[in-house]
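As structure tokens, the structure follows; a few thoughts come after it.
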Amino acid sequence: MNTLCALWERVAVNFTPTDIAKEDRLPILSQDQFVILDDLVEKRLNGIPLAHLTERQFFLGMEFAIKKGLYIPRKETELLAQTAISCITSSFQKKQLVNVIDVCTGIGTVALAIANYCNNTIVYGSDIFEPAIDMAIINSNHFNLEERSTFL
């Protein structure tokens, strides 16, 4: 049911998960939107990852943009990010500026989670795959972290 709701949200125009939670119901779809939804459900049943269909992925409470062909952050990666955040918060004073380098950053999940939860950080992410870097920059702007993040 959660998968269908996520796909429904993707098809619904001008609705966010927050809007749907407030309404406690899914928005009504037009006939054209039902055709799109049916196509998305078929793709999901054929094994295409949900994140590639919805073009978003939650990671440490943050909703990241993602596109087909890009690495989908896993729950195990959240553990890595949580550990880094914990180390930064316990090892450095809040006033002390900390530079963080995230190699193989992908769409910037670890780097941006660190920047989001540790205000005393500047993060640098690198990746060999240019589309991933482009998405990391989009995510950085989405979270208003562009002044404290650089992706190369």
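The values are calculated or read from the model by the stated rules, or taken from the named source; none is laboratory data. Keep in mind it's a predicted model, so treat the numbers as computed, not measured. Note that we place each Cβ from the backbone using ideal geometry, even for glycine, and neighbour counts take in every protein chain shown.
Observations on the model:
- Failed item in (1) in contact with a helix residue (DSSP H, G or I) (Cβ under 6 Å, 6 or more places away or on another chain); (2) in contact (Cβ under 8 Å) with a residue 12 or more places away in the chain; (3) farther than 25 Å from Leu4 by Cα, with Phe59 passing the rest: (3)
- When each of Ala84, Ala132 is tested for being over 30 Å from Arg10 (Cβ atoms), of a type in the set (A, V, I, L, M, F, W, C) and either over 16 Å from the mean Cα position of the chain (by Cα) or not in a loop (DSSP other than H, G, I, E, B) (or both), the lone residue that passes is Ala84.
- Output for the stretch 64-84, where each listed residue is closer than 18 Å to Ala136 by Cβ and free of Cβ contacts under 8 Å to residues at least 40 places away in the same chain: Lys68, Ile72, Pro73, Arg74, Thr77, Glu78, Leu80, Ala81, Ala84
- The set of residues from the stretch 6-31 being over 21 Å from the mean Cα position of the chain (by Cα) and either part of a loop (DSSP other than H, G, I, E, B) or modelled with pLDDT under 90 (or both) comprises Lys22, Glu23, Asp24, Arg25, Leu26, Pro27, Ile28, Leu29, Ser30.
- The residues in the stretch 39-76 that are charged (D, E, K, R), surrounded by 12 or more Cβ atoms within 10 Å (Cβ to Cβ) and not in a loop (DSSP other than H, G, I, E, B) can be counted, and the count is 5.
- Criterion violated by Asn46 - all others in (1) farther than 21 Å from Ser140 by Cβ; (2) at pLDDT below 90 satisfied: (2)
- If only residues of the stretch 98-122 that are over 13 Å from the mean Cα position of the chain (by Cα) and of a type in the set (A, V, I, L, M) are counted, the one that is surrounded by the most Cβ atoms within 10 Å (Cβ to Cβ) is Ile114.
- Residue within the stretch 113-130 that is modelled with pLDDT of 95 or more, closer than 24 Å to Ala6 by Cα and either touching an Asp or Glu at 6+ places or on another chain (Cβ under 6 Å) or of a type in the set (Phe, Trp, Tyr) (or both) present: no
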